[in-house]
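Since the structure comes first, as structure tokens, the remarks are kept for the end.
The values are calculated or read from the model by the stated rules, or taken from the named source; none is laboratory data. None of the values given here were measured: they were computed from a predicted structure. Surface accessibility is based on the protein's heavy atoms, side chains included, excluding ligands, DNA and RNA. Shrake-Rupley method; radii C 1.70, N 1.55, O 1.52, S 1.80 Å.
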Amino acid sequence: MQVQIITKIGRQKNNQERYNIYLNEKYAFAVDEGTLIKFGLQKGKVLEQMEIDEIQYEDEIAKAFNKALNFLSFQMRSEHEVKTKLLKAGHGEAVVQEAIHKLTGLGFLNDESYSKALLETRKRTTKKGPAAIRQDLMQKGIDKNLQQKVLATFEHDEQLKLAMELAEKAVRSNKNRTPAQVKQKIQDVLLRKGYSYEIVKEILDQITLDRDEDEWSELIEAQGDKIWRKYASKLTGSELRQKVKQALYQKGFPIEKINEYIEQKEQQHNE
């Protein structure tokens, strides 16, 4: 086997941190500066094939490491995200594991810190509850035990505070709905945001959704007229009254208000 001697080392034009290695006057491979120093590569050095393989493997780890650092420069990532990114980039499993081990050791990757930051971000920006945040953590590949540990810091009082803010927003944006409809809306919003039924119940117990006489009249007229038109096109008499009554009752209107409304509509029809 021909002896492999480094005959030239040249800095790359497009990447000043990488060097081209020439063996026996022919280009052989490239390495970054850290690998160059680690293996003491210099002109005249004799390399065995095993050492060349080791150098190239180390350089592959360095490339994966640098690619991960660039990925992490934009925002915090989980180990799972970094691993997925590197594997998709074509790096082998062993190389990726070595790069991740190095990143973790240097503090660039820390799933616990990442999970805590994600928890705080979700609470602050979207007011998500524990179940929804758990789903986010799962998608990021966070270990179940770590998920539990981090979510345990999301205290009950803070959940109530954020859930109440969401509920109050729902109340403000649903002023043209009955209390029953508003409560249903609040429940839907909170459950979708990842809060438990216990939290939902506490919120609903604390919220007062009274309507005065004028408000009830406006509400039943707005919603009732749509329902009346829907059924009046195909029903009359008692069947029409029964269908309208059922529909309005399901929407949370008091039975006395429903009867008043139906009586009023029938009078208008007979005039």
Semi-axes of the chain from the Cα gyration tensor (sqrt of 5 times each eigenvalue, largest first, whole Å) come to 72, 20, 13
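For the stretch 52-111, which whole percent of the accessible surface, found with a 1.4 angstrom probe, sits on carbon and sulfur atoms? Walk me through the numbers on the way to the answer.
Working: 1700 of 3320 Å².
After summing per-atom areas, the C and S share lands at 51 percent.
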Calculated log₁₀ intensity ratio I(q)/I(0) where the Debye formula runs over C-alpha points of the stretch 143-271, q = 0.22 Å⁻¹: -1.20
Collect residues whose amide H, placed 1.01 Å from N in the peptide plane, falls under 5 Å from the amide H of T7; neighbours closer than 5 in sequence don't count. Y22, L23, N24, E25, G44
Here the stretch 102-111 yields Karplus 3J(HN,Hα) values (6.51, -1.76, 1.60; θ = phi - 60°; whole Hz; Gly and Pro given as x) of 5, 5, 5, x, 8, x, 7, 10, 7, 5
Relative to the compact globular guide of 2.2 N^0.38 Å, what is the alpha carbon radius of gyration of the stretch 118-196, as a ratio? 1.20
Using a probe of 1.4 angstrom, how much of the accessible area of the stretch 2-45 is carbon and sulfur, in percent? 46 percent
So what does the Cα-only Debye profile of the stretch 30-142 read at q = 0.10, 0.11, 0.19 Å⁻¹, as log10 I(q)/I(0), no solvent term? -0.40, -0.46, -0.97
Taking Cα atoms, how many degrees apart are the long axis of helix 213-232 and the longest axis of the chain, rounded to 10 and kept between 0 and 90? 90 degrees
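What accessible area per residue comes out for the stretch 50-163, rounded to a whole number of Å², with a 1.4 Å probe?
56 Å²
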Mind listing the long-range amide H neighbours of F29? Cut-off is under 5 Å, sequence gap 5 or more, other chains count too, H placed in the peptide plane at 1.01 Å from N. I21
So for the chain, averaging the separation of alpha carbon pairs under 8 Å that are six or more residues apart and normalising by length, what relative contact order in percent results? 11 percent
Which ³J(HN,Hα) values, rounded to whole Hz and listed in residue order, are derived for the stretch 189-198 from phi using the Karplus coefficients 6.51, -1.76 and 1.60 in 6.51 cos²θ - 1.76 cosθ + 1.60 with θ = phi - 60°, glycine and proline given as x? 5, 5, 5, 5, 7, x, 8, 6, 4, 5
Hey, what do the phi angles of the stretch 87-100 turn into as Karplus ³J(HN,Hα) couplings, whole Hz, using 6.51/-1.76/1.60 and θ = phi - 60°, x for Gly and Pro? 5, 5, 6, x, 7, x, 4, 5, 5, 4, 4, 5, 5, 5
Relative to the longest principal axis of the C-alpha atoms of the chain, give the angle of the C-alpha long axis of helix 49-72, reported between 0 and 90° and rounded to the nearest 10°. 30 degrees
